[in-house]
Amino acid sequence: MLKVQEFEFNMLPVNTFVIYDETLEAAIIDPGCYFPGEAQQLKEFVETNKLTVKHILNTHLHFDHIFGNPDAEDMFGLRAKASSRDSQWLQEIGQRVGRFGIRYNRTVRPIMPENIIDEGDIIRFGNTEIEIFSVPGHSPGSLVFYSRKDGILFSGDALFQGSIGRTDFEDGDPAALPVAIREKLFTLPDSTAVYPGHGPATTIGMEKRYNPYIQA
């Protein structure tokens, strides 16, 4: 059974998840560590629970979701995995962060070719398989991660409780996001738990019924 530990990091704030199963192998989704002590909090949880981190996964490469990539990569000896379609955000992180009045002078390493992931790929650790769907619109490379066995979806900034991701960035696509959500996420069972990149958890059934931004 997949276990989910949620942290809320940085000023925006971002939901960072540690997911693991009975084998104690784990993955980290969107390490958003920014403030002093946040990376240590993540490390202490992993060490206290005797977890072995096998993957660092980014739903997309907007800066609030990757602030902690350098720390996570160094702490666990791994390189992050993500779509290559958001690479411009890595290359211009200092400039883009500055537009929001945020200081960030660290270097975020590029996604290595062998760590590029996309729809149809499977992330495996322990007894867990995580399916990947491409849900563009908030960013070109937005991915969601789905455990079919456990009925759990990590939706990044695609789908929130009662809302959807912003599409007014220069590479956003307001037409693409609702279509992708309807065609790829709303076809999942209503009972599917949805853990978004910001805010509280929800379910697919609740969003199909009540989300005003996604109507059939």
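What residue, among those in the stretch 139-153 that are over 16 Å from D118 (Cβ atoms) and out of contact with any Asp or Glu (no Cβ under 8 Å at 6 or more places or on another chain), is least open to solvent (accessible area, probe 1.4 Å)?
L153
Which number in (1) buried (at least 17 other Cβ atoms within 10 Å of the Cβ); (2) under 23 Å from A82 (Cα atoms); (3) acidic (D, E) marks the one condition that E207 misses?
(2)
How about the stretch 1-23: which of its residues are hydroxyl-bearing (S, T, Y) and in contact with a strand residue (DSSP E or B) (Cβ under 7 Å, 6 or more places away or on another chain)?
Scanning the stretch 1-23 gives T16, Y20.
Mind checking which pairs have a first residue in the stretch 197-216 that is over 30 Å from F67 (Cα atoms) and a second that is in a loop (DSSP other than H, G, I, E, B) and acidic (D, E), Cβ under 7 Å, 6 or more apart or different chains?
Going by the 7 Å Cβ cut-off, the qualifying pairs are G205/D190; K208/D190.
From the list P136, P178, pick out the single residue that is modelled with pLDDT of 95 or more, crowded, with 16+ Cβ neighbours inside 10 Å and farther than 27 Å from P70 by Cα.
After ruling out the rest, the residue left standing is P178.
Given the conditions (1) open to solvent by 50 Å² or more (accessible area, probe 1.4 Å); (2) in contact with a helix residue (DSSP H, G or I) (Cβ under 8 Å, 6 or more places away or on another chain); (3) closer than 24 Å to A193 by Cα, report the number of the one that T107 does not fulfil.
(3)
Can you pull out the strands (runs of 3 or more DSSP E) entirely within the stretch 102-213 that have at least 2 residues that are under 25 Å from W89 (Cα atoms) and not hydroxyl-bearing (S, T, Y)?
So the answer is 122-125, 128-134, 143-147, 152-156.
Find the residue count for the stretch 11-28, including only residues that are more than 17 Å from K149 (Cα to Cα) and open to solvent by less than 10 Å² (accessible area, probe 1.4 Å).
Residues in the stretch 11-28 being more than 17 Å from K149 (Cα to Cα) and open to solvent by less than 10 Å² (accessible area, probe 1.4 Å): 6 in total.
The values are calculated or read from the model by the stated rules, or taken from the named source; none is laboratory data. These numbers come from a predicted model, not from an experiment. Heads up, the Cβs are rebuilt from the backbone with ideal geometry, glycines too, and the neighbour counts pull from every protein chain shown. These area figures cover heavy atoms from the full protein model, side chains too; ligands, DNA and RNA do not enter into them. Shrake-Rupley method; radii C 1.70, N 1.55, O 1.52, S 1.80 Å.
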